[in-house]
Amino acid sequence: MKLITFRHADETRIGAIATESERVLDLSGPLSKAGLGHAASCMRTFLETGDAGLKVARQALAGLQDADSGNDQTYSPDDIELRAPVSHPNKIFCLAGNYQDHIEEGGRKMEAQDKETPRVFMKPPSTTVTAPGEPILIPPVARSVDWEGELAVVIGRAAKGVSAEEALEYVAGYTIMNDVSERKLLIKSRSESRPQDQWFDWLNGKWLDTFAPQGPWLVTADEVSDPQDLYISTYVNGERRQHNNSGQMLYPVNMIIEYISAIITLEPGDLISTGTISGVGATTGEFLKPGDQVEISITGLGTLKNPVAESQA
């Protein structure tokens, strides 16, 4: 099932996409009838309803062909505005160096420690999340903005201290994220750059506004038989720059969830972007510029498209 967040007539709603007709079903009516009307406009809140909300969505989709479904509100995809599927996550986690080919394209040989513990960092959820079709903004402090096509995991229920064996039971579904990165961030000059200074420059370069495009929809976990067998491709201005399979992750999805949930409680709607593959712009020194178009496609999850534009601040 494809779940979306969309806007129509200045209202934000949760919807589902009918497989055959590709029409968008507004779930606000069915959710209200089921006593879950509070979850009709926010994916995070919808996911907090657990199996109850998913059951309503599946039944509403199945009922579209029924004679009694005339009251269900549907729209053509052309008549709605897609938003990021999880527009207001509580947390966004990302992984650095989760593919050997990406480690090595940066000029470093993989070491034993690369396979021992994942490197997890976070992005500010309220200012980095960007909808399909919205621009990735390049601010004045940015000099080398790069693309990173990634598989993103959406958590479906609270998880704390879960094992790798049970971890996928806590996944609501999957989407696409672009872990946009400023590679040479240096806001103020300094006398020298120590290793820890350079590390924070790298980390802060992940935090710029609009640097977490997400979408186009959330595909529920039951439709992704194996998250470690998905092809990821990134295109810049129509040219393929990245291509690999998620099976090449050093830390698969279940191990990532085990690791993070040992530290912090994962909540419904939390996003985990699982790291990028080789083919980033830093390898060739080619970076994003205003007017560019970035597209990321993942098997079964669709294509996330975002233009690039200049920001004045």
_Those residues of segment 158-200 whose amide nitrogen sits under 14 Å from the label point placed on residue 263, 7 Å along Cα→Cβ_ = 161
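Across the chain, how many lysine pairs, 8 or more apart or on two chains, come within less than 15 Å at their alpha-carbon atoms?
Value for the chain: 8.
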*Give me the compactness ratio for segment 218-313, meaning the Cα radius of gyration over 2.2 N^0.38 Å.*
1.26
_Rounded to the nearest 10 Å², the accessible area of residue 192 at probe 1.4 Å_ = 120
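Taking 45 Å as R0, compute the FRET efficiency from the Cβ-Cβ separation of residue 203 and residue 11 and round it to 0.05. Numbers along the way, then the final one.
Working: r = 37 Å, r/R0 = 0.82.
It comes to 0.75.
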*In bins 10 Å wide, starting from 0, what share of all Cα pairs of segment 1-70 does each bin hold, as a percent?*
21, 59, 20, 0
*Restricting segment 2-89 to chymotrypsin sites (Phe, Trp or Tyr not before Pro) in coil, as DSSP defines it, with at most 15 other Cβ within 10 Å*: none
*Given R₀ = 22 Å, FRET efficiency for residue 20-residue 79 by Cβ-Cβ distance, to 0.05?*
0.75
*Taking the chain as a Gaussian network, Cα atoms linked when under 10 Å apart, which of 171, 141, 86 shows the biggest mean-square fluctuation?*
141
*asked:* Let's test this: bin the Cα-Cα distances of segment 135-200 at 10 Å from zero up to the farthest pair and state each bin's percent.
replied: 16, 28, 24, 25, 7, 0
*Quantify, in whole percent, the carbon and sulfur part of the accessible surface of the chain (1.4 Å probe; protein heavy atoms only).*
47
*Can you tell me what the convex hull of the Cα atoms of the chain projects to on average, as an area in nm²?*
16.7
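Keeping every protein chain present and rolling a 1.4 Å probe, give me the accessible area per residue for the chain in Å². Don't skip to the answer; put the middle values down first.
On the way: 14320 Å² over 313 residues.
For the chain, the per-residue accessible area is 46 Å².
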*With a 10 Å radius around each residue's Cβ, average the other Cβ atoms per peptide and rank 196-202, 231-237, highest first.*
231-237, 196-202
*Picking from 138, 264, 256, which is most flexible by a Gaussian network model of the chain using Cα springs under 10 Å?*
264
*Which angle from 0 to 90°, rounded to the nearest 10, does the C-alpha axis of helix 195-204 make with the longest principal axis of the chain?*
30
*asked:* For a bin width of 5 Å, list the pair-distance distribution of segment 206-252 built from all Cα-Cα distances, rounded to whole %.
replied: 5, 15, 14, 23, 27, 13, 3
*Inter-centroid distance (Cα atoms) of segment 246-303 relative to segment 99-164, Å*: 5
*Roughly how many nanometres apart are two label points built 7 Å out from the Cα toward the Cβ at residue 311 and residue 119?*
2.4
*What angle, in degrees between 0 and 90 and rounded to the nearest 10, separates the Cα long axis of helix 253-263 from the longest principal axis of the Cα atoms of the chain?*
80
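The values are calculated or read from the model by the stated rules, or taken from the named source; none is laboratory data. Quick caveat, the model's predicted, so the values are computed rather than measured. Backbone-built Cβ (ideal geometry, glycine too); neighbour counts: all protein chains shown. Note: accessible area is taken over every heavy atom of the protein model, side chains too, but ligands, DNA and RNA are not part of it. Shrake-Rupley method; radii C 1.70, N 1.55, O 1.52, S 1.80 Å.
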